[in-house]
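S.K.: So that we are looking at the same thing, I have put the structure below in structure tokens.
Rule-based calculations on the coordinates, nothing more; no lab input. Source: prediction; values computed, not measured. For neighbour counting, all protein chains shown are included, and Cβ atoms are generated from backbone atoms with ideal geometry for every residue, glycine included.
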Amino acid sequence: MLQTVGEWIWWERLWLPVSVSWSDLEDKEGRVYAKASQLYATLPCALCLLVIRYLFERYLATPLANIWGIRDRIRLPAEQNPILEKYFRGQTRIPTQDDVRSLCKKTGWPERRVEVWFKRRRNQERPGLRKRFSEASWRCAFYFFAFVGGILALYDKPWVYDLREVWAGFPKQSLLPSQYWYYLFEMGFYLSLVFSLTFDVKRKDFKEQVIHHMATLTLLSFSWISNYIRVGTLVMVIHDSSDILLEGAKVLNYAKYHRTANGIFVVFTAVFMVTRLIIFPFWLIHCTWVYPLELFPPFFGYYFFNIMLLVLQLLHLYWAVLISRMVYKFIFSDDRSDEEEDDSDPPKERNSKLSHMNGSGARGRANGH
């Protein structure tokens, strides 16, 4: 049975065009081809990157955070309350006004006390500023070196300047050492992100990030086995180009270099829109949809690879909407959505207390005279 399953999985018509077999991709005459067994190296690479990340965050990011004076905000802990804790974990983290009134009846607390409890409880779930800084620093460093490595691996390749060359001689395209190492470290990095999902900062687009990591690993694995390596390297380079800027802007924002961070974020937005919404769909996806049909009839791998590219493009559109909203808030409003919620007195109460204190002080000074 296992043999039958294996035969189905490695059926040539799933992975290769008609008239091409696995025997055609065996190493010979000095030509080396990509093999599925080489992907096993991705696992130890991912584990090594996790170790490197730990050392980077401890011995580089943490001292840098100390130099820049990045400190975690002191948080007031939420009071012990089993009723509210159960509701927080089982129902919602942000109750409506009706929910607050209902909880007031169950706990005997006033509304303001319940609202403050939920704000403090949500703040307890937020990762510290230093942790976010360390993670962003690590990703920024990796994307920088990956992008530079990708440029060095591709700058002299003809298919960078003429996308029809991507398919010249496909699938009998010899594997280059630079392509192997570039793929290995990129796949190892995304696999390490999957391993670290449980202890990394959980963001609002957590589900989309999981889909992105899995789609990327699936796409890279399939492109490796089917020898779609040339277009795979192009996809990785254009993704890394904007990711450096995003993580760099985060690092500077956490370090309170807000003007520089805002400027880099504007550049990131422009690069993201150009690479993910123009170059990716109208150059690379066009290259994988149209040009191969000039050389061979479509097969399963052709459809599968392009569907995975479309999944990535849908994620690009989703993130483009989020980025556009951030840019809108950045220009037209003073939004603190990424900061911790203030669990002190609301503005009206603070103003009332401030007025009362000022009035009392004025009367005291008058009586003293």
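S.K.: With runs of 4+ DSSP H residues as the only contributors, calculate the mean residue ellipticity of the chain at 222 nm using -39,500 (n - 2.57) per run, divided by the residue total and rounded to the nearest 500.
M.R.: Calculated from helices alone, the mean residue ellipticity at 222 nm is -21000 deg cm²/dmol.
S.K.: Label points 7 Å out from Cα along the Cβ direction at Val160 and Lys172: separation in nm?
M.R.: 2.7 nm
S.K.: Let me ask you something else. Based on the alpha-carbon gyration tensor of segment 74-127, what equivalent-ellipsoid semi-axes (square roots of 5 times the eigenvalues) come out, in whole Å, largest first?
M.R.: 18, 12, 10
S.K.: I would also like to ask the following. Once you have a ≥ b ≥ c as the square roots of the Cα gyration tensor eigenvalues for segment 1-82, tell me rounded if a/c is under 1.5, and otherwise prolate or oblate according to whether a/b is larger than b/c.
M.R.: prolate
S.K.: Related question: Under the √(5λ) rule applied to the eigenvalues of the Cα gyration tensor, what semi-axes describe the equivalent ellipsoid of the chain? Give them in Å, descending.
M.R.: 52, 23, 20
S.K.: Which peptide among 240-249, 76-85 comes first, and what is the full order, when sorted by highest mean count of other Cβ atoms within 10 Å?
M.R.: Sorting 240-249, 76-85 by mean packing, highest first, produces 240-249, 76-85.
S.K.: Follow-up. With a Förster radius of 41 Å, plug the Cβ-Cβ distance of Tyr303 and Phe144 into 1/(1 + (r/R0)^6) and report the FRET value to the nearest 0.05. Don't skip to the end; give the middle numbers.
M.R.: Numbers: r = 35 Å, r/R0 = 0.85.
With R0 = 41 Å, the Cβ-Cβ based efficiency is 0.70.
S.K.: Hey, another quick one. What order, most packed first, do the peptides 175-184, 226-235, 257-266, 132-141 have when packing is the mean number of other Cβ atoms within 10 Å of each residue?
M.R.: My ranking of the peptides, most packed first, is 226-235, 132-141, 175-184, 257-266.
S.K.: Also: State the extension gain, in nm to one decimal, for the chain segment bounded by Arg325 and Met214, taking 0.36 nm per residue of separation less the distance between their alpha-carbons.
M.R.: 37.4 nm
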